[in-house]
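The values are calculated or read from the model by the stated rules, or taken from the named source; none is laboratory data. None of the values given here were measured: they were computed from a predicted structure. When we count neighbours, we look across all protein chains shown, and the Cβ atoms used for this are built from the backbone with ideal geometry, even at glycine. With ligands, DNA and RNA removed, areas are computed over all heavy atoms of the protein, side chains included. Shrake-Rupley method; radii C 1.70, N 1.55, O 1.52, S 1.80 Å.
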Amino acid sequence: MAFNSIEHIKVDVNSRIPKYRQIVDSIMEAIGKGFLEKGEKIPSINEVSEECLLSRDTVEKAYGILRKQNIIESVKGKGYYVARADFSSKTKVLFLINKLSSYKMRIFNSFVQALGSKAQVDVYIYHCEPSVFKNILAKKAKEYDQFVIMPHFKNENLQHMGCTDEILEVVRKIPEEKLIIMDRNILSLSMKAGRIYQDFSGDIYAALSIGLDKLKKYQKIILVYPSKSVYPYPKGIVTGFKKFCIEHTFDYEVLDEIYDSMELQLKDLFIIIEETDLVNLVKQLRDRHYKFGEDIGIISYNDTPLKELLGITVISTDFTKMGTEAAKMILENKKTKKKNDFNLIDRHSV
């Protein structure tokens, strides 16, 4: 590693880490280890630029990030000084999710892996309960540097609902530069907050359209959408499904669940959300010696390794990418808006 002549600021010219990020990390590490103390002067932008052979823009970007995080401050006519010394060198992130599932944990794991050692991430689960959600944010708002929130809520009838004014009021108290909304795009919040989201209605419509030629061999499409659930699903899934069926003249039906002893008909195609329903349907097909992909079709919502192993066709967002993109916003200190990838993964069940 190549060390520059300014003590505590380290720049590795061969590293793939952006130079501005190396400056930020060096200063934060020096403060965290006690080498730089609160009120101590640090090198000027010109000094760092000249000694490290970097552009002023690169150094200014690094110092801008440190100023936004209140780690350094500028004093007019005097230069830059350490503003905080009582902090961990790691960014503290609150990761707030609505439920604990394999899908959510894939997002969380990819998020943590992408951040690496740069952050301390604490995960909280609010079980789609608005009151629990509000209480967590009210108690933790001052303890974290960044907030990643998946806003999915249920009403008293166990149905998926949007954000109420009370929920929005709590979320708006988080500074927009510290906020990332994940999985849903809440248009009523500041557009300066980060967003990595699914378009539930448009996604299912687009994914089914990709497989249209294969779907044409089926006489009826049945969406198994639990209308009431402990962890309800967005209603946009039903909206997009119905739009697809109507525009392409498919006979269709929406069921709450896969019932015991289903009235199965050859050339039915099932789109299934809950894994318990998927298991129930597969059992019934095997008991009746039906072959899925030939006699009856199956598409499952959200991919898992088990579905891949069983050869189940899925429509699914890219959970790993969702977590990685959120981490990227924090690492680069740049909040962006992006719809996450959603695809049809064609296997052997359609």
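Each of Glu263 and Glu247 was given a label point 7 Å from its Cα along the Cα-to-Cβ line. The distance between the two points is 3.0 nm. To the nearest ten degrees, helix 19-32 and the longest principal axis of the Cα atoms of the chain are 70 degrees apart. Which links in Lys10/Lys90; Lys192/Lys328; Lys76/Lys118; Lys78/Lys140; Lys19/Lys118; Lys99/Lys328 stretch past 26 Å when you go from one Cα to the other? Lys76/Lys118; Lys78/Lys140, as the Cα separations exceed 26 Å there.
Pairs of alpha carbons in segment 145-191 separated by more than 18 Å make up 26% of all such pairs.
Convert 10 °C to kelvin, take the viscosity as 1.306 mPa s, use the Kirkwood radius over C-alpha pairs of the chain as Rh, and evaluate the Stokes-Einstein diffusion coefficient in µm²/s, rounded to a whole number. Show your work: numbers first, answer last.
Working: Rh = 23.0 Å.
Approximately 69 µm²/s, per Stokes-Einstein.
Sorting Thr324, Thr58, Thr304, Thr276 on solvent-accessible area from highest to lowest, probe radius 1.4 Å, gives Thr276, Thr324, Thr58, Thr304.
Just the accessible area per residue of the chain, please: how many Å² with a 1.4 Å probe?
Details: 17490 Å² over 350 residues.
With the other protein chains kept in place, the chain gives 50 Å² per residue.
Please go through the residue pairs Lys178/Lys243; Lys216/Lys283; Lys173/Lys338 and name each one whose alpha carbons sit more than 29 Å apart in this structure. Checking Cα-Cα distances, Lys178/Lys243 exceed 29 Å. Sorted into 5 angstrom bins from 0, the C-alpha pair distances of segment 19-82 split as 4, 19, 31, 29, 15, 2 percent.
Rolling a 1.4 Å probe over the protein chains gives His289 an accessible area of about 150 Å².
What's the carbon and sulfur percent of the chain's accessible surface, probe 1.4 angstrom, rounded to a whole number? Before the final figure, lay out the partial values.
Values: 8610 of 17490 Å².
C and S fraction of accessible area: 49 percent.
Entry note: segment 201-317 has Rg to Rh equal to 0.92, where both radii use alpha-carbon atoms and Rh is the Kirkwood radius. Considering only Ile181, Ile221, Ile45, the mean-square fluctuation computed in a Gaussian network model of the chain, springs between alpha carbons under 10 angstrom, is largest for Ile45. Work out, in µm²/s and without decimals, the Stokes-Einstein translational diffusion coefficient of segment 147-231 at 4 °C, 1.567 mPa s, Rh from Kirkwood over C-alpha pairs. My calculation gives 84 µm²/s for D. Residues of segment 325-350 falling in the label zone of Lys216, defined by backbone nitrogen less than 13 Å from a point 7 Å along Cα to beta-carbon, are absent.
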